[in-house]
Structure formats: structure tokens, C-alpha cells
There are 2 protein chains.
Amino acid sequence: MSEIHIDRKGINELDKIKRINLINSITGIKPANLIGTCDKNGNTNLAIFSSVIHLGSNPPLVGMISRPEGEVERHTIENIKSIGYYTINHVPVDKIEHAHYTSAKFSKSETEFEKCDFKEYYADGFSAPFVAESPIKFGLELKQIIPIELNNTILIIGEVAHIITDDNLLSSEYYMDLQRSKSVGISGLNSYYSLERINSFPYARKEELPDLKTNN
Amino acid sequence: MSEIHIDRKGINELDKIKRINLINSITGIKPANLIGTCDKNGNTNLAIFSSVIHLGSNPPLVGMISRPEGEVERHTIENIKSIGYYTINHVPVDKIEHAHYTSAKFSKSETEFEKCDFKEYYADGFSAPFVAESPIKFGLELKQIIPIELNNTILIIGEVAHIITDDNLLSSEYYMDLQRSKSVGISGLNSYYSLERINSFPYARKEELPDLKTNN
């Protein structure tokens with residue numbers, strides 16, 4: 001075990017695959033979510049994304065990053081722009097292989113729901129399909145697409161309109177238990193991790209600082 | 001165990017704490033990172049963020065979301081704007097309590113490095129402090145701050161300039177092993193999760209689709 005130090009020049013000189021893998025995994029664990037959409041003819045689409053991010057709770061806003069014309073994301077983005085609604089569904093641990101293969105390049109007339117063996121689930125007249133097998137699923141209304149010109153990606157922002165889950169995954173304070181839901185994380189492009197809850201800490205107040213220096 | 005369905009009106013009607021907790025945890029697991037900065041006088045600052053996100057690998061861009069004037073994030077954002085450089089450091093599992101308490105409101109003259117018992121680490125003339133105890137650390141140069149006007153937050157974008165880690169955390173293909181690094185995830189505001197690697201899958205090709213329907 002020895003320290004590795006890669007500077008900007010070293011990053012440039014890495015071969016392409018190594019650079020992609022390294023930069024995709026240095027930010028840490030990412031959430032594994034399936035994005036459910038449909039087009040105006042009712043053709044459904046399902047795609048795995050690891051770039052979903054919390055933006056704020058009032059209003060309840062959630063973002064995700066995508067290439068605007070990326071081959072994998074194309075149907076998802078087209079559908080979101082066309083319909084204005086989409087769903088985000090946690091990948092359950094017993095479905096990681098199924099979820100991973102939604103990233104294969106299926107044609108528009110093929111639906112990943114059928115190809116990768118997920119069931120569509122509809123609620124309350126919400127037009128986009130949820131994933132029945134997902135323990136935590138929510139529906140969004142598209143609010144804004146912000147271009148990130150530095151690398152030709154986009155930040156897609158939606159407002160949470162529906163949340164569907166089970167009551168045994170919610171604490172009395174309305175925290176979701178991601179171990180009990182068997183939600184998973186992704187590192188890089190293709191490595192899946194299970195989650196085990198370690199601990200929770202109270203809101204941090206300077207006056208209530210524990211003696212951290214002797215805790216080791 | 002029974003299904004819960006919360007619609008937009010129901011979200012609005014939740015009490016504030018429950019709404020914050022729920023919306024902060026529905027997106028799934030978030031990476032636990034410490035952001036290291038300093039001001040022009042060399043006063044260092046360290047703050048935990050769960051909003052770091054991969055944006056792209058060429059150029060190597062990493063984002064994070066912040067309130068521009070939030071009390072917790074204030075020193076971090078001021079320093080990043082002032083100096084133009086910052087570090088992102090994975091929280092190791094044996095330091096989660098220390099990392100959590102960096103979110104207490106310390107004054108500008110107090111450094112969380114000392115208060116929360118982390119060691120500063122400097123490399124190659126890079127002005128921002130790294131966290132010595134962190135198994136995966138990287139330094140960034142500020143590239144752009146994009147306002148998200150929908151909820152008065154900002155997306156801070158940096159380009160990766162230095163990566164410091166150990167060679168035993170890198171696979172031959174340059175994937176980082178987040179279980180071996182003992183990196184952790186966060187759910188909501190204050191729950192910490194450890195990570196266990198389950199599996200990796202090859203690049204998904206439609207022609208190589210496994211028989212997912214009989215895999216159950």
C-alpha cells in the first residue's frame with residue numbers, strides 16, 4: 001500500500017477508459033435510480049441513472065445530470081421534454097442486474113420494462129410509469145433544464161408531485177431507512193454496493209460538541 | 001407494512017421537519033465528503049457536504065450544490081470564491097462523528113480541522129488543505145458557479161487538478177473500491193451508512209442481454 005498522486009497532467013495522460021473509470025468513482029457512492037418515462041403514444045422507457053441529486057425541500061426539488069444527446073439517455077430526455085413528467089425509482093438489491101441492463105441500447109419501440117423484467121405501476125392519473133418492484137418511488141413534474149456548457153451536459157430539475165413507499169421504511173420523523181428498503185449505491189459506471197446503517201447524529205451544535213479528540 | 005402515497009398537497013401539509021427529512025432522503029444514498037478550504041490569511045475550514053456529484057470525465061468536472069448564503073456553508077463558499085481552489089475528501093467510516101460535527105457553526109477564526117480532530121495535509125503547492133485521514137482526496141480548481149433560481153441554490157463546478165489515494169484502492173482498470181476505502185454514504189441530514197460491494201456488470205449490450213426473466 002503506497003500513496004498515489006495523480007496531477008492534472010497525469011489525468012490527461014491516462015488512457016481514456018482508466019480516466020473515465022477513475023473520475024466516475026472519486027466522488028464517492030452514488031444513488032442507483034431507475035427513471036421511468038413514456039412518450040405521447042404511451043411507449044414506456046426505463047433507464048438507470050446514478051446522477052440524481054437532492055436540491056431542496058421547499059419546494060421539493062430533485063435534479064439529475066444527463067448528456068442532452070447521449071445515446072443511453074436519449075429516450076429518457078426526449079420523453080421528459082415531451083410529456084413533462086417522469087418517475088424516479090430506487091433500485092432494489094435483488095434487481096441490480098435487471099436495472100443495469102436498462103442501459104443497453106434498446107430501440108424506441110422496445111420497452112426496458114419488458115426487456116429487463118420490471119412491472120409498470122400507475123398512480124392517480126400520473127402519466128409516467130413507476131416501477132412496481134421499487135420500494136421507494138416518486139413522480140416529478142419537469143420545472144427547468146439548465147445547460148452546463150463546460151461539458152455539454154444538462155441539469156434536469158423536477159418538482160416532487162407523488163411519493164409512493166411503505167410505511168415500515170419511514171421513521172417517526174419521516175426519514176427513509178435505506179437499509180430496510182434494500183436500496184443500493186453505484187460506484188463508477190458498473191459497481192453496485194449494498195447499504196448498512198451505522199449511526200445517526202443529532203443536529204450539530206457547537207455548544208454540544210462531543211469530546212472528539214478522545215473518541216478514537 | 002402498507003403502502004403510503006403522499007401527493008403534492010400532502011407534502012405541503014407535512015410539518016416542516018418531516019418534509020425536510022422525507023425530501024432529503026427519497027433520492028437515495030448520497031456521498032459523504034469533507035470540503036477543505038482556506039481564506040487569504042490561511043485560516044482553514046472544513047465542512048461536510050452530501051451534494052457532491054460527478055459531471056463528466058473529460059474535462060474532469062465535479063459539482064456540488066449549496067445555498068449561497070447558508071449559515072453552514074458560508075465559510076466554504078466564501079473561501080472557494082476568494083481563493084479559487086478547494087479539496088474534496090471522502091469521510092472514512094471511523095470518523096463519521098467527527099465529520100458530522102464540522103456542520104456546527106464555528107466562527108471564522110476557529111478551524112474545524114482542529115475542533116473536529118482532522119489533520120491538514122498539503123500537496124504540491126496546492127493552496128487548499130486536504131484531509132490527511134481521508135482515503136480518497138482530490139483538489140479542484142473552481143470553474144463556474146451556476147445559480148439555480150428555482151430555490152436560490154448554486155451549483156459549484158470545479159475541475160479536478162489533483163487526486164491523492166492509495167494504490168490498493170484502485171483496480172487495474174482504475175475503479176476505486178469504496179468498500180476497501182471504508183468510504184460512507186449519507187441518507188437525509190444525519191444518517192450514515194457503510195458500503196459493501198455486491199457485484200459489477202459489464203458494459204450493457206443489447207445483444208448480450210442475460211436471461212433476466214429466469215434469473216429470479
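The values are calculated or read from the model by the stated rules, or taken from the named source; none is laboratory data. Please read these numbers as outputs of a predicted model, since none were measured by experiment. Counting neighbours? That spans all protein chains shown, and the Cβs are built from the backbone with ideal geometry, glycine included.
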Give the residue that is nearest to B:Ser194 (Cα to Cα), with candidates limited to residues of region B:70-84 that are in contact (Cβ under 8 Å) with a residue 40 or more places away in the chain and within 16 Å of the chain's Cα centre (by Cα). B:Thr76
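Please specify each residue of region A:1-60 satisfying the condition of being among the hydrophobic types (A, V, I, L, M, F, W, C), under 20 Å from A:Tyr193 (Cα atoms) and out of contact with any helix residue (DSSP H, G or I) (no Cβ under 9 Å at 6 or more places or on another chain). Steps first, please.
Applying the first criterion (among the hydrophobic types (A, V, I, L, M, F, W, C)) to region A:1-60 yields A:1, A:4, A:6, A:11, A:14, A:17, A:20, A:22-23, A:26, A:29, A:32, A:34-35, A:38, A:46-49, A:52-53, A:55.
Those left that are additionally under 20 Å from A:Tyr193 (Cα atoms): A:20, A:22-23, A:26, A:29, A:32, A:34-35, A:47-49, A:52-53.
Selection gives A:Ile20, A:Ile26, A:Ile29, A:Val52, A:Ile53.
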Only residues that are assigned to a helix (DSSP H, G or I), facing another protein chain (nearest Cβ under 7 Å) and either modelled with pLDDT of 95 or more or under 27 Å from the mean Cα position of the chain (by Cα) (or both): list them for region A:1-16, please. A:Ile11
Looking for whichever is under 15 Å from the mean Cα position of the chain (by Cα) and not polar (S, T, N, Q) here; the options are A:Ile198, A:Ile156. Which one fits? A:Ile156
Within region A:77-86, does at least one residue satisfy the condition of being surrounded by 15 or more Cβ atoms within 10 Å (Cβ to Cβ), assigned to a strand (DSSP E or B), out of contact with any Phe, Trp or Tyr (no Cβ under 9 Å at 6 or more places or on another chain) and more than 8 Å from every other protein chain (Cβ to nearest Cβ)? yes
From the list A:Val131, A:Val160, exactly one residue is in contact with a Pro (Cβ under 6 Å, 6 or more places away or on another chain) and either at the interface with chain B (Cβ under 7 Å from one of its Cβ atoms) or surrounded by 23 or more Cβ atoms within 10 Å (Cβ to Cβ) (or both). Which is it? A:Val160
Region B:162-199: number of residues that are farther than 22 Å from B:Ser50 by Cα and either touching a Leu at 6+ places or on another chain (Cβ under 7 Å) or free of Cβ contacts under 8 Å to residues at least 12 places away in the same chain (or both): 8
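For region A:87-136, how many residues meet the condition of being part of a loop (DSSP other than H, G, I, E, B), closer than 24 Å to A:Ser191 by Cβ and without any contact (Cβ under 8 Å) to a residue 60 or more places away in the chain?
Step one: filter region A:87-136 for residues part of a loop (DSSP other than H, G, I, E, B), giving A:91, A:104-111, A:116-119, A:122-129, A:132-136.
Next, only the ones that are closer than 24 Å to A:Ser191 by Cβ stay: A:91, A:104-106, A:116-118, A:133-136.
Then keep just the ones that are without any contact (Cβ under 8 Å) to a residue 60 or more places away in the chain; that gives A:104-106, A:117, A:133, A:135-136.
Counting residues in region A:87-136 that are part of a loop (DSSP other than H, G, I, E, B), closer than 24 Å to A:Ser191 by Cβ and without any contact (Cβ under 8 Å) to a residue 60 or more places away in the chain gives 7.
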Scanning region A:29-69 residue by residue, the ones that are at the interface with chain B (Cβ under 10 Å from one of its Cβ atoms), touching a residue at least 60 places away in the same chain (Cβ under 8 Å) and not hydrophobic (A, V, I, L, M, F, W, C) total 7
Taking region A:146-157 and keeping only residues that are over 21 Å from A:His90 (Cβ atoms), surrounded by 15 or more Cβ atoms within 10 Å (Cβ to Cβ) and more than 7 Å from every other protein chain (Cβ to nearest Cβ), one is left with A:Ile154
Filter region B:180-205 for residues that are within 7 Å of another protein chain (Cβ to nearest Cβ), assigned to a loop (DSSP other than H, G, I, E, B) and within 22 Å of A:Phe201 (Cα to Cα) and give the result. B:Gly188, B:Asn190
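Does B:Asn215 meet the test of being at pLDDT below 95 and either more than 7 Å from chain A (Cβ to nearest Cβ) or farther than 25 Å from B:Glu97 by Cα (or both)? Break it down stepwise before answering.
Details: at pLDDT below 95: yes; either more than 7 Å from chain A (Cβ to nearest Cβ) or farther than 25 Å from B:Glu97 by Cα (or both): yes.
Yes.
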Give region B:134-145 a look and list any residue that's under 25 Å from A:Glu149 (Cβ atoms) and within 11 Å of chain A (Cβ to nearest Cβ), or say none. B:Phe138, B:Gly139, B:Leu140, B:Glu141, B:Lys143, B:Gln144
Being in contact with a His (Cβ under 9 Å, 6 or more places away or on another chain), of a type outside the set (D, E, K, R) and under 24 Å from A:Val160 (Cα atoms) narrows B:Thr87, B:Thr27 down to just B:Thr27
Count of region A:101-125 residues which are facing chain B (nearest Cβ under 10 Å) and closer than 18 Å to B:Tyr203 by Cβ: 8
